[in-house]
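The numbers here are math on the coordinates, done by the rules we state, and not lab data. It should be emphasised that the depicted structure is a prediction, and the values quoted were computed from it without experimental measurement. A quick note on method: Cβ atoms are made from the backbone with ideal geometry, for glycine too, and the neighbour counts reach across all protein chains shown.
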């Protein structure tokens, strides 16, 4: 499997722009030249593992987020995923387990609610479902 440097570069550029960071500032922060940073973002060059790690640190994401993405190409979804990861960063294992159980339960409840709303819009009374 070969790395898709064009897709990686697009993710880097997107994250940099979301953080209102100039290409020059990012290049300086990760200690590469501005032309090299431009080539990375445009998928025109390969880069080393240390550069990947520096980029991930500078953009406050994990290296896998740059390599394969976490957002399925959806900018807003990616922002939510990063925000959730940030909120979980200082949780201990017990807190994370409890939050996961709450998340799963709330997701099921939300899906059930959406089903009820859809059925109500289709003329089925909520009282018939309970």
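Just to be sure I understand: with springs between alpha-carbon atoms less than 10 Å apart, which residue in 104, 84, 40 has the highest mean-square fluctuation in the Gaussian network model of the chain?
Ranking 104, 84, 40 by mean-square fluctuation puts 104 first.
Can you compute the helix-only [θ] at 222 nm over the chain? Use -39500 (n - 2.57) per DSSP H run of at least 4 residues, normalise by all residues, nearest 500 deg cm²/dmol. Mind dumping the intermediate values first?
Working: 8 runs with 93 residues, N = 130.
Computed ellipticity for the chain at 222 nm equals -22000 deg cm²/dmol.
So for 116, 91, fewest C-beta neighbours within 10 Å to most, what's the order? Spell out each step's value before the answer.
Working: 116 15, 91 12.
Least crowded to most crowded, the residues run 91, 116.
Taking the chain as a Gaussian network, where each spring joins two C-alpha atoms under 10 Å apart, which residue of 83, 97, 41 fluctuates the most?
In this elastic network of the chain, the residue with the biggest mean-square fluctuation among 83, 97, 41 is 97.
Given a 10 angstrom Cα cut-off, can you work out which residue in 48, 33, 22 is the most mobile in a GNM of the chain?
The residue with the greatest mean-square fluctuation here is 48.
Angle check, please: helix 49-59 long axis (alpha carbons) against the longest principal axis of the chain (alpha carbons), in degrees 0 to 90, nearest 10.
60
By how many degrees, between 0 and 90 and to the nearest 10, does the Cα long axis of helix 5-18 differ from the longest principal axis of the chain?
70
Kirkwood hydrodynamic radius, computed over distinct alpha-carbon pairs, for region 5-81: how many Å, to one decimal? Intermediate values should be presented prior to the final figure.
Details: mean 1/r = 0.0820 Å⁻¹.
Evaluated on region 5-81, it is 12.2 Å.
For the Cα atoms of the chain, what angle does the longest principal axis make with the long axis of helix 75-88, in degrees from 0 to 90, nearest 10?
90
Pick the calculated Rg/Rh (Cα atoms, Kirkwood Rh) for this structure from [x] 1.32; [y] 1.17; [z] 0.99?
Checked against the structure: label [y].
If you rank 106, 47, 80 by fewest surrounding Cβ atoms within 10 Å, what's the result?
106, 80, 47
Could you tell me the relative contact order of the chain? Use alpha-carbon pairs under 8 Å, at least six residues apart, and round to a whole percent.
Computed value for the chain: 19 percent relative contact order.
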